[in-house]
Every structure is written in C-alpha cells, then in structure tokens.
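Peer 1: Below is the structure I would like to discuss, written out as structure tokens.
What follows draws every value from the coordinates through simple rules; no lab data is involved. Computed from a prediction, not measured in an experiment: that's the story for all the values here. Methodologically, a virtual Cβ is constructed for each residue, glycine included, from the backbone with ideal geometry; neighbour enumeration extends over all protein chains shown.
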Amino acid sequence: MDPDAYVEAVLTLVEQVPPGRVTTYGTLAEAVGYGGPRRVGRVMSTHGGSVPWWRVVRADGSLPPSHDDEARAHYAEEGTPTRSPARGHGIGRIDMAAAYFGDFTPSPPRP
DNA sequence: GGGTTGACCAATG
DNA sequence: TCATTGGCCAACC
C-alpha cells in the first residue's frame, strides 16, 4: 500500500470523529484495517498537523506526551467529557466511557 | 541488513 | 494510579 494512501486513510478517519468525542490509535488502526497502533501514531506525528489530532488519544484516555495543554483547550471548547482536571500534574484524562467513538465508516471519503 | 526508536496496547503487580 | 513486561509494525540510523 502506498504510504500516502495509508496516511490519507488515517486522516480521513480522524476527521470522521465528531466534536466532543475521541477515539484511540488502536481503533484507528483497526478501522484502516492495516498495520498496528504504532503505525498510526507515526502517521499522526508526521501529518497530524492537518487534522484534529486532539481527538485521538491513548487507550487509557490520556493524551500523547506532547501538546497536552493545547489539547485540553480544545476539549474545553468542544465540550469533550474529561475527568478531574487533576492536581496540577498536567491534564486529567478523557472520560472514555462517555467520549469514546468507534463508529467509523470503513471506506474513506466519498460522495 | 540489522539494531534502535516511537503521538501504542493489554495484562500484571 | 503508576511501573513493568512482552508484543506489534514501520521508519530511521
């Protein structure tokens, strides 16, 4: 598969995540149907700047080791359910039970 | 061609 | 809740 095609597939899926919801790297990997979670993570680090990357979190609901402050601002703005702002240790985590989204449409774009 | 690294995941203590 | 362990896949020295 062309690397570019894989990247586009991942980015397309990320854009399908509605505001106020989040999904995980592993879920994206399965939705794309190829490669593993780490592959998705790498794609995000390379092309994440073009998509709402803050809607992609780790399986436990914590954010990537980078940009947690910025992501928190987006969550506040979109109304994404989060758990305790945490004691100054950075950001709290996402309330996965309420915010998790995994209802992707298998095929990339269209219409 | 082979070892290291990484925006990962799940299980365990 | 955090740390550790083993496994995963591709990119990068």
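Peer 1: How much FRET efficiency would the formula 1/(1 + (r/R0)^6) give for A:ASP95 and A:HIS47, where r is the Cβ-Cβ distance and R0 is 30 Å, rounded to 0.05? Provide the component values of the computation, followed by the final result.
Peer 2: On the way: r = 28 Å, r/R0 = 0.92.
It comes to 0.65.
Peer 1: In the range A:1-53, what chymotrypsin sites (Phe, Trp or Tyr not before Pro) fall in a loop by DSSP, with at most 15 other Cβ atoms inside 10 Å?
Peer 2: On the way: sites: A:TYR6, A:TYR25, A:TYR34, A:TRP53; in loops: A:TYR34.
Answer in residue order: A:TYR34.
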